[in-house]
Structures are given as structure tokens and as C-alpha cells.
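Chemist: Let me give you the structure first, and then I'll get to my questions.
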Number of protein chains: 2
Amino acid sequence: MRAVEIIAKKRDGLPLTPEEIAFFVQGYARGDIPDYQAAAWLMAVYLRGMTEEEIIALTMAMVHSGEVIDLSALGAPVVDKHSTGGVGDKTTLVVAPLVAAVGLPVAKMSGRGLGFSGGTLDKLESIPGMRVSLSLEEFLETVRRTGIVVASQTAHLVPADGKLYALRDVTATVESIPLIASSVMSKKIAGGASAIVLDVKVGRGAFMADLASARELARLMMRIGQGVGRRVVAVLSDMNQPLGLAVGNALEVAEAIETLRGGGPHDLREHCLAVASEMAVLGGAANDVPEARQALEQALASGAALERFRAWIAGQGGDPRVADDPTLLPQAPYRLVVPAPREGYLAALDAQEIGLTAVMLGAGRARKEDAIDPRVGIALMHKMGEDIPRGEPLAVIHAADEASAQMAAQRVLAACQWAEAPVQAPPLIYDILRGV
Amino acid sequence: MRAVEIIAKKRDGLPLTPEEIAFFVQGYARGDIPDYQAAAWLMAVYLRGMTEEEIIALTMAMVHSGEVIDLSALGAPVVDKHSTGGVGDKTTLVVAPLVAAVGLPVAKMSGRGLGFSGGTLDKLESIPGMRVSLSLEEFLETVRRTGIVVASQTAHLVPADGKLYALRDVTATVESIPLIASSVMSKKIAGGASAIVLDVKVGRGAFMADLASARELARLMMRIGQGVGRRVVAVLSDMNQPLGLAVGNALEVAEAIETLRGGGPHDLREHCLAVASEMAVLGGAANDVPEARQALEQALASGAALERFRAWIAGQGGDPRVADDPTLLPQAPYRLVVPAPREGYLAALDAQEIGLTAVMLGAGRARKEDAIDPRVGIALMHKMGEDIPRGEPLAVIHAADEASAQMAAQRVLAACQWAEAPVQAPPLIYDILRGV
């Protein structure tokens, strides 16, 4: 087999065999196939597409490019969740202790933020002392001890994906459904999940701007998972406006804690309960969604979920007192209230623009090597559809200094659209796919 | 301007501006843009194509990636020729002294063989003493002194093309009409040609297997040339069977000399006269093709062309006595006559298979770094359409040893097809395009 012949075959629109895909992907991960051949192949895949069989073969070739984690010793099936990325998406922070409280182990590898999307690891690191870079031994020991661990992906897990992703980023081949689907699913499969809940975001602040493409991506990832014996459910949820009200690392942790205490924004609570219910059913902690939901609501009301959160944070070296005193989280030195410039119904609250404003404040990364300021962000006061009087606080900017706060305030106002007549807010969840 | 945005634009099928093309191609030639980005871009160009405006911009961006040779001091327009490559194609060896004999200067940069196609430089180097690697100063001084020079392309001429070609070879992006056309034309334009005769080969032993694609490539190259003020004529000629009878470096030089002496295979003589006539008209040495042809036939008959050949060879350090004694050329130690296995009309003599057989004997390169054996090759005795008695010599194999000669004999036989009834040989020239 020769790399150039595999490139030519894909270039001509012919399907590759599983052997050809494994030869190419694993050869690239090992360094036997150079970047320039992988780049030509990625562009051919981008433009010619792949069959479902090819995508499954690609996923498994990536899985076998590195180590595969065996979580069977935990004694219960591990249900993973994956969000395609959004603004204000702190779902994992709430859902991990919530499903742990109904008896499911959580052993999750997560990512950092890039561009306008935040990352769970960055959020967790705003908790004093919290460690997210664990060795595989620490990872397994932590989940055995506390029932929950969320850490960064080890270098040995799906090395082909890390290498291919970096190359896609500089060769204009990121936005390819076969490449996205295989990248996500290979990490979930190698991470040892028995079942997976996919949280596929749709809208202005999501990779998939329309419901049809989101559904296509979701169905493809479900078929990949099912093709290799994993049960997969996909939640198609809105990302036209941010999820919840807080955008920024420490602010989002505080909002997640509020939600675990039984409060928090309605949309965030509902979204977390929906995702956690699917996880509970897949993991066998409940027979059906209504039963799961009842148990999860009980775990919130009783404080059991919050207790699991404390144990989780402590288990990874973090200060568990943040669960009771959010002022222990890093605080921004400068705050600026943004008043509503007019009376009206909030008709749009552009998630991407809010996300980019948070990046500008220092909450995210424009480039991989940028540092994060955990203190800064935007605390929204309202959501789409609400009728807001003129002068009413619309958001509070948490900033490192006055200049960046002023700029952020202007951008938040620019992200809003107003209507005279009542407007319908987008639904929180468009659909839940439980089988394909 | 960012390389990744230019890749994305081409990926999406949008035309690039001349500035974007120049940024990309010259950035790549300088080493500012890495191989992997160029590879993704080449695949996007291969699959999305380019408009005529883009191809002209690409050609000129490649021309300006290096030095441009100024031949205006020679006092006469320099008419270059380019063959798209074939088997037994020793046309340049005949045509260069032929047009010089009617008053045109010849200052030509040529290439080496790769795969089943031979290269003029390899053929010339079979002449004892002949030097084809000249500095630009030697190149110009030689043409001024003797009226003819044929040498390898200097490293400073179209460096972007050399670098892109090497990358195309390993990324399955060679067979792209925009990339081929701009590669050929950039070298001709940078080489200082005022006018160009393109010899576009069609058939089994050519890059273009059918007349329609060959015509498309020819027209595109003509439009590129005309777009930048060069007059271009394209000869569409047959390459289903080898040109002439000799295939292999020293054998082809001997056949070219025979042709310059007024003999040689009929098809080779006719082909060389057709190409040279177009060159003579473009260069102003004749008013029209019939007048050119008469002058060129006269140059063959009078010995003027052969005299020019001697001066050319001597001018580049070669032994001019080969023009009178071909036994001074390297001789293969082993010869094997291949008799016709049956009586019949020769219905096919697969040029590609004959070319590959010559490579196997050592006359060509499977890889760039392979060495050439100038002595070996195949001397055919017959052409397509001829009625051949059983046992009649079909070819003589010139080999380094008996084993390779025996293998070659088998392959030559396999390259032949036979018919009971008379068959029509393919025409030598399909068309001559003088304007688009």
C-alpha cells in the first residue's frame, strides 16, 4: 500500500477500504506519512466525502492509533456526554455530579476552549487548587475513590486525532462532517464509554447553524457509535443565545453551583436535567426518562448532587468550599452594568458575538497558546423573548480594567436586537434522537 | 492575506484573485508557506479547477518566482518548442539544428525523463563529452557563439514550479490540466521564448489519452501564451505507438543523426518537418508553412542541418564525430532479435508498454534518483499497419545482459496486437492549432 495511491483513490471519489484508512491514519500518527500527504488527503476527504463504512473505519483507525481506556473495572457502565461546543455551556459541571448522585460513575476526558466556545477544563481550573492534568493512573484512581473525574485527554489517547486536528486547523479542512464525527466519536470510544449522550448545538453560536445539518451530524455520530456497539442518544439543543446567563470561567462555575443548589437559570436547569435523564437511562440508573427526571430532581432538592460536586472538586485537589461560598472563586476587579438602551422585547442575543466578547475580555483563547483570565466574563440579566424596560440592567461586565469593560459593553449592546411586539424565544431543545 | 483563507476560498470553488495566487505561490517558493498548506491547496485546485484568468495568474506568479531570461540580445526572436512527453520522442535533437539551419537561434531549456517518457537531456548525455548543466552565462555565451544551446533548467528559473512539481508527485495532484498548463508555460515564458510550438501528444503513451483532452490542454496553453503576448501554435500528434523506431538514449541519438542525414524513419522525418515548419514561420524565417518546409527539406538535403548539429554538439563539449560515426555512441553488450511470432498486420504497438520496457532495461528512471544506462533500449523494425511475415525481425533489444534482454523481448511481444485483415495505422498528426 502506498500513501499516494490512497490519496488518488479518495481524490477520484472512490471509497477506501478499512485497511487503507488504517494504513493512512496510523501511518500518519506514527510519523511515517508526512504532513503534506495527510493535508492532500484531508482536502480530498473534505471535497469528496466518505461513506458511513469509511467513517466508521476512520473512527476505529483513530481509536487504535493510541491506547484505549478500559473502565470495566468500575463495575457500572460509564455513560459519557459530549457537547459540540457553545457559549455559556457549563452543562458538564452540573451533569457530572447530578448523574453521580443517582449512581453512575463519571470518568470523562474533556477539552479546552478555542475561539468563541468555552471549554470545561478552563472552567474547572478557575476553582482554586483544581487539577485537570492527571496521569491515567490518577484518572482511574480518582474515579474509583470519588465516583467522578473530569480531566484533560492524555497524550496517548487517540494521538492521530490530535495530530490531524492541528493539521485541519491550518489547511481549511475543519468543517467536514465525516472528520468532525470521527474525531468526536474516536475520543469517546477510546475513553472507555459504554454509552454516549451527544449534545449537538444548533444556531448562531454553534458549529452547526441550522437544524438539518445538526441532525445530519447527530445521526452520523449515532451510527458510528452503534456500528461499534455503543448506545448513543443525541440531544439537539439551541445555541442562538448563550446557555444560562453566565459567560466566563469563574462566572460559569458559580452559575453551575447555583444550579446544583436547586436554583440557577431555568434554561440551564432544564437542559442539564434533560441531558442527565438520557444519561441515567442509558446507564441503567432509571427505567425511563420520567423516572430518571424524578430521581435527578430529588438529587438537586436533597443536596445530594451538591455533595457529589464537593467530593469531586476535593478529589482533584480543588477547594470544595466554593460550593458554599462562590466568592472564593477569582473575582474580576472591575464591573460595569450595561443598561437596556430602550424599552422592548429582546429579539436576539447573538451567542457567537457574546462568546467573542468574552474572549476579548480574556475569558477565552483566540490562539491555542493564549492565557485565560478566569475572573472575567459577562453576566447576562435577561434572555431572548423578555420584555425589558429602558434603563433596566441587561448585563454586568466582569473585566480586568475599565477600558476592556467599556468595549465589552458596546459589543454586548451590538449583540442584541429589539422588537416592539412580543417575540418567540427559540426552543431550548429541538429534538432528542434515541435511535437511527 | 492568510494562506488558510486562500485554501478555503479555492476549496469552496471560488476564483482566486491574481494577488492571492501570487501571495500563495511566491510564499511557497520562498518557504513562508509550508508544504502541508500547499498540498491542501493543490488538492483543492485539482478538484475545483481554475478559471482561465486564474491559470494565467498562476503561470505569471510562477514566472516571477525566479529569474526571467532575456534573449532579446540574440537579435532574432527565439522560438521554443515543448513536447508533453512520449516514447521515442527525439524531435528536439532533429528540430534544433534544422531550424538553426534556416536562421533561427535555438536557446532551449529541457528536462530529464521520468517514468516511461524519455527526456532530451538524457539523450544528449549519451554523446561522449556532452555537457547539459550550464550556468546562465555559459548558456547565453554558447547560443551566441554556435546559434544552438539545449541545457537543463537553472535552479533560479521558475523555482516555484520545481517545488510544486515535487509536491504534486507525492500528493496525487499531477494530472490536473490547470497545473500542467501553467507549469509548462511558466518555464517557456521565463526561458525567454517569443513564440512557442507545443507538441501535444495523444494516445496510449501520452499523458493525454484522447484527442478531446489533448485539444483542451493545447487550447489552454495557447490562451495562456497569448494572454501574456506570446504567439503559440499547437501540433496534436500521435503517441499510440513510439515516434520513429528507436527507444533508448544512444539509439535515439543515432536515429536523429540518420534523420539529419536525410534518412531515418518516415514518421520521425515528417513529424520533425511539421514542427520545424511551424517554428520557422513563427520565427519569421519563412512566410508560410510550404515555404518553410521547402527551406527545411533543403537544409536536410544539403547537409546544412547536419553541420549545425556538429557545431551544436561541439559547442557543448560533445564529440561532433558521432554525426558521422554513430558507433562512437555507447553500445550495449548484448543484442537480441525478436522475431514476429505469427504472420499478420501489426494492429497495436503500445507506446507506454514499450516505454516501460525501455525503463526496465535501464534506459529510463522509475524514480528521480535512478541512474540511466545510455546504451540500452529497443530498436523496432516495424510500425503499426504493416503486414509482417512470421519469423521476420520485429525488434532488436539492446541490453546490458541476456536476462534483461529476454524479459524485454517478452514485453515487446506483449505490447503487440495482430490482425488478419489490413488495419489503419493512426495518423501521425491529428491537427495543428494556429489560433484560438
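The values are calculated or read from the model by the stated rules, or taken from the named source; none is laboratory data. These numbers were taken from a predicted model, which means no experiment stands behind them. Backbone-built Cβ (ideal geometry, glycine too); neighbour counts: all protein chains shown. Ligands, DNA and RNA are excluded from the accessible area calculation, which covers all protein heavy atoms including side chains. Shrake-Rupley method; radii C 1.70, N 1.55, O 1.52, S 1.80 Å.
Chemist: Out of the total accessible area of the range B:192-346 (probe 1.4 Å, heavy atoms of protein only), what percent is carbon and sulfur?
Modeler: 50 percent
Chemist: What does DSSP give for the protein assembly as shown in terms of the percent of beta bridges that are antiparallel, rounded to the nearest 5?
Modeler: Given both bridge residues lie in the protein assembly as shown, the antiparallel proportion sits at roughly 55 percent.
Chemist: For the range B:236-252 and the range A:26-66, what is the centre-to-centre distance using only Cα atoms, to the nearest Å?
Modeler: 42 Å
Chemist: Tell me whether the range B:72-326 comes out rounded, prolate or oblate; compute the Cα gyration tensor, take square roots of the eigenvalues as a ≥ b ≥ c, and use a/c under 1.5 as the rounded threshold.
Modeler: Verdict is rounded for the range B:72-326.
Chemist: Oh, and also: Counting only other residues whose beta carbon sits under 12 Å from that of B:THR51, what net charge do I get with K and R as +1, D and E as -1?
Modeler: Value of the local net charge: 0.
Chemist: Here's another thing I want to ask about it. Please find the FRET efficiency linking B:MET407 to A:TYR165, where r is the Cβ-Cβ separation and R0 is fixed at 35 Å, and quote it to the nearest 0.05.
Modeler: 0.10
Chemist: I've got another one for you. Can you list the residues in the range A:47-75 whose accessible area drops by at least 30 Å² when all protein chains are present, compared with the chain alone? Use a 1.4 Å probe, heavy atoms only.
Modeler: For the range A:47-75, once contacts with the other chains are taken into account, A:LEU47 lose 30 Å² or more.
Chemist: Work the Kirkwood hydrodynamic radius out for the range A:3-49: mean of 1/r over every pair of different alpha-carbon atoms, inverted, in Å.
Modeler: 10.4 Å
Chemist: Rg and Dmax in Å for the range A:319-394, alpha carbons only: what are they?
Modeler: Every Cα atom of the range A:319-394 included, Rg and Dmax give 15.3, 43 Å.
Chemist: Of all the accessible heavy-atom surface of the range B:1-136, with the other protein chains kept in place and a 1.4 Å probe, what percent is carbon and sulfur?
Modeler: 51 percent
Chemist: Please list the non-local residues whose amide H lies under 5 Å from the amide H of A:MET208, H modeled 1.01 Å from N, same-chain partners needing a gap of 5 or more.
Modeler: Under 5 Å from the amide H of A:MET208: A:GLY203.
Chemist: So which residues of the range A:30-44 lose at least 10 Å² of accessible area, probe 1.4 Å, when you go from the chain by itself to every protein chain present?
Modeler: So the qualifying set is A:ASP35, A:TYR36, A:GLN37, A:ALA39, A:ALA40, A:MET43, A:ALA44.
Chemist: Give, in whole angstrom and from largest to smallest, the semi-axes √(5λ) of the equivalent ellipsoid of the range A:29-132, with λ running over the eigenvalues of the Cα gyration tensor.
Modeler: Those come to 32, 20, 15 Å.
Chemist: What does the charge count around A:GLY317 come to, taking other residues whose C-beta lies under 14 Å from its C-beta (Lys +1, Arg +1, Asp -1, Glu -1)?
Modeler: Result for the local shell: 0.
Chemist: Once amide H atoms are placed 1.01 Å from N in the peptide plane, what residues at a sequence separation of 5 or more from B:SER237, or on another chain, have their amide H within under 5 Å of its amide H?
Modeler: Result for B:SER237 returns B:VAL200, B:LYS201, B:VAL202, B:TYR430.
Chemist: Let me ask something else. Return a whole-number percent for the relative contact order of chain B, with Cα pairs under 8 Å and 6 or more residues apart as the contact set.
Modeler: Once divided by the residue count of chain B, the mean separation gives 20 percent.
Chemist: Once fully extended, how much extra length lies between B:GLU392 and B:ARG223, figured as 0.36 nm per residue of separation less the alpha-carbon to alpha-carbon distance?
Modeler: 56.1 nm
Chemist: Can you work out the Karplus-derived ³J(HN,Hα) for every residue in the range B:236-243? Use 6.51 cos²θ - 1.76 cosθ + 1.60 with θ = phi - 60°, whole Hz, and x for glycine or proline.
Modeler: Listing the rounded values in order: 9, 10, 6, 9, 6, 10, x, 7 Hz.
Chemist: Can you give the local net charge around A:MET360? Use residues other than it whose beta-carbon is closer than 13 angstrom to its beta-carbon, Lys and Arg +1, Asp and Glu -1.
Modeler: Charge balance near A:MET360 sits at -2.
Chemist: Give me the angle, in degrees from 0 to 90, between the Cα long axis of helix A:289-301 and the longest principal axis of the Cα atoms of chain A, rounded to the nearest 10.
Modeler: Helix A:289-301 and the main axis of chain A meet at about 50 degrees.
Chemist: Show me, for the range A:327-343, the HN-Hα J-couplings you get by feeding each phi into the Karplus relation (A = 6.51, B = -1.76, C = 1.60, θ = phi - 60°), rounded to Hz, glycine and proline as x.
Modeler: 6, 6, 6, x, 10, 6, x, 10, 10, 9, 7, 9, x, 5, x, 7, 7
Chemist: Using a 7 Å offset from the Cα along the Cα-to-Cβ direction at both B:LYS368 and B:SER133, what is the distance between the two label points in nm, to one decimal?
Modeler: Taking the simple label geometry, B:LYS368 and B:SER133 are separated by 1.4 nm.
Chemist: Once the Cβ-Cβ distance between A:LEU428 and B:MET1 is put in as r, and R0 is 41 Å, what FRET efficiency do you end up with, to the nearest 0.05?
Modeler: 0.50
Chemist: What are the ³J(HN,Hα) values, in whole Hz, obtained from phi via the Karplus relation 6.51 cos²θ - 1.76 cosθ + 1.60 with θ = phi - 60°, for each residue of the range A:162-167 in sequence order, with x given for Gly and Pro?
Modeler: For the range A:162-167, the Karplus-derived couplings read x, 5, 5, 5, 4, 6 Hz, x marking Gly and Pro.
Chemist: To one decimal in nm, how far is A:ASP401 from the same spot in the other copies, if labels go 7 Å from Cα toward Cβ? Please give the shortest first.
Modeler: Its label point is 7.9 nm from the equivalent points in the other copies.
Chemist: From the label point of B:ALA421, set 7 Å along Cα to the beta carbon, how far off in nm is each other copy's matching point, shortest first?
Modeler: 8.1
Chemist: How much space per residue, in cubic angstrom, does the convex hull of the C-alpha atoms of the range B:149-236 take up?
Modeler: Cα-based convex hull of the range B:149-236, divided per residue, equals 112 Å³.
Chemist: Taking a quarter of the surface of the convex hull around the Cα atoms of the protein assembly as shown, what do you get in nm²?
Modeler: The number I arrive at for the protein assembly as shown is 44.1 nm².
Chemist: Just to confirm the number: angle between the C-alpha axis of helix A:177-190 and the first principal axis of chain A, 0 to 90 degrees, nearest 10?
Modeler: Helix A:177-190 and the main axis of chain A meet at about 90 degrees.
Chemist: Can you compute log10 of I(q)/I(0) for the range A:291-433 with the Debye formula, treating each Cα as one identical point scatterer, at q = 0.09, 0.19 Å⁻¹?
Modeler: Here the Debye-derived log intensity ratios amount to -0.41, -1.12.
Chemist: With the radius of gyration and the Kirkwood radius both derived from the Cα set of chain A, what is their ratio Rg to Rh?
Modeler: A ratio of 0.97.
Chemist: Search the structure for amide H atoms under 5 Å from the amide H of B:LEU71, placed 1.01 Å from N in the peptide plane, and list their residues when 5 or more places away or on another chain.
Modeler: Correct list: empty.
Chemist: Could you do me a favour and compute the accessible area per residue for the protein assembly as shown, 1.4 Å probe, result in Å²?
Modeler: It amounts to 37 Å² per residue over the protein assembly as shown.
Chemist: Follow-up question, since we're still on this one. With a 1.4 Å probe, how much accessible area is buried between chains B and A, both sides summed, in Å² to the nearest hundred?
Modeler: That pair hides around 1600 Å² of surface in total.
Chemist: Turning to a different aspect of this structure: Relative contact order for the range A:281-419: what is it in percent, counting Cα pairs under 8 Å that are at least 6 residues apart?
Modeler: About 28 percent, as a whole number.
Chemist: Taking each residue of B:10-16 in turn, how many C-beta atoms of other protein chains fall within 10 Å of its C-beta, and what is the average?
Modeler: The mean count of partner-chain Cβ atoms within 10 Å per residue comes to 2.
Chemist: Then there's this: Over the Cα atoms of the range A:85-174, how large are the radius of gyration and the largest Cα-Cα distance (Dmax), in Å?
Modeler: Taking only Cα atoms of the range A:85-174, I get Rg and Dmax of 14.5, 44 Å.
Chemist: Quick check: the angle from helix A:402-414's long axis to the longest principal axis of chain A, C-alpha only, nearest 10 degrees?
Modeler: Around 80 degrees separate the two axes.
Chemist: If you don't mind, another one. Measure off 7 Å from each Cα along the Cα-to-Cβ vector at A:ALA73 and B:ASP324, then give the distance between these two points in nanometres to one decimal.
Modeler: Roughly 9.1 nm, to one decimal.
Chemist: Nearest 0.05, what FRET efficiency do B:GLU291 and B:GLU141 give at R0 = 22 Å with Cβ-Cβ as r?
Modeler: 0.10
Chemist: Report the accessible area of A:THR92, computed with a 1.4 Å probe over the heavy atoms of all protein chains in place, in Å² rounded to the nearest 10.
Modeler: Here the residue's solvent-accessible area equals roughly 10 Å².
Chemist: Let me ask another. Under the rule a/c < 1.5 gives rounded, and otherwise a/b versus b/c splits prolate from oblate, where does the range A:193-335 land using the Cα gyration tensor?
Modeler: oblate
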